[in-house]
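Everything below concerns the one structure shown next.
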Amino acid sequence: MQENHLFEYAVIRVVPRVEREEFLNVGVILFCSKQKFLQTAITLNEERIQAFCNTLDLDELKEYIRSFERICAGGPQGGPIGKLGMAERFRWLTATRSTIVQTSKVHPGLCHDASEMLTRLYTELVL
């Protein structure tokens, strides 16, 4: 029988105008310490984003999203934050902020396979 592992996740959101508190879910970030897993699943539907806010700089948004992916992967390509341990990187990425790319509150759960859970949450919450 497979063991359940504690995981934490947050939804990645695009918030074009922070003062309006309107957002689009574009991805999920999931961390599971036992499985040494920290990954994101992200899709930027440019047409949908432009319909939501046509003044948003898509190139800038793509760079913010790429930084999430680089930090999750760890190592020097993630800059100073990318050199931290997985838990610290997850906490940094999910910290409350007032920028175009934000995350929801962190939610816990149990899973057998973190990769499968990431796919499931991404499908349910983003697609």
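Throughout, read-outs are computed from the coordinates displayed, never taken from laboratory work. What you see is a predicted model, and the numbers here were worked out from it, not measured in a lab. Glycine gets a Cβ as well: all are built from the backbone with ideal geometry, and neighbour counts include every protein chain shown.
Among the residues making up region 79-94, a single one is closer than 12 Å to TYR9 by Cα and either surrounded by fewer than 12 Cβ atoms within 10 Å (Cβ to Cβ) or basic (Lys, Arg) (or both): ARG91.
Within region 18-26, one or more residues are within 26 Å of HIS112 (Cβ to Cβ) and in contact (Cβ under 8 Å) with a residue 60 or more places away in the chain.
Per the conditions (1) part of a helix (DSSP H, G or I); (2) polar (S, T, N, Q); (3) closer than 12 Å to ILE29 by Cα, the sole criterion not satisfied by GLN102 is (1).
Note on region 17-33: residues that are crowded, with 17+ Cβ neighbours inside 10 Å and within 16 Å of ARG97 (Cβ to Cβ) total 4.
In the set ARG70, ARG89, only one residue is assigned to a helix (DSSP H, G or I) and within 25 Å of ASN4 (Cα to Cα); that residue is ARG89.
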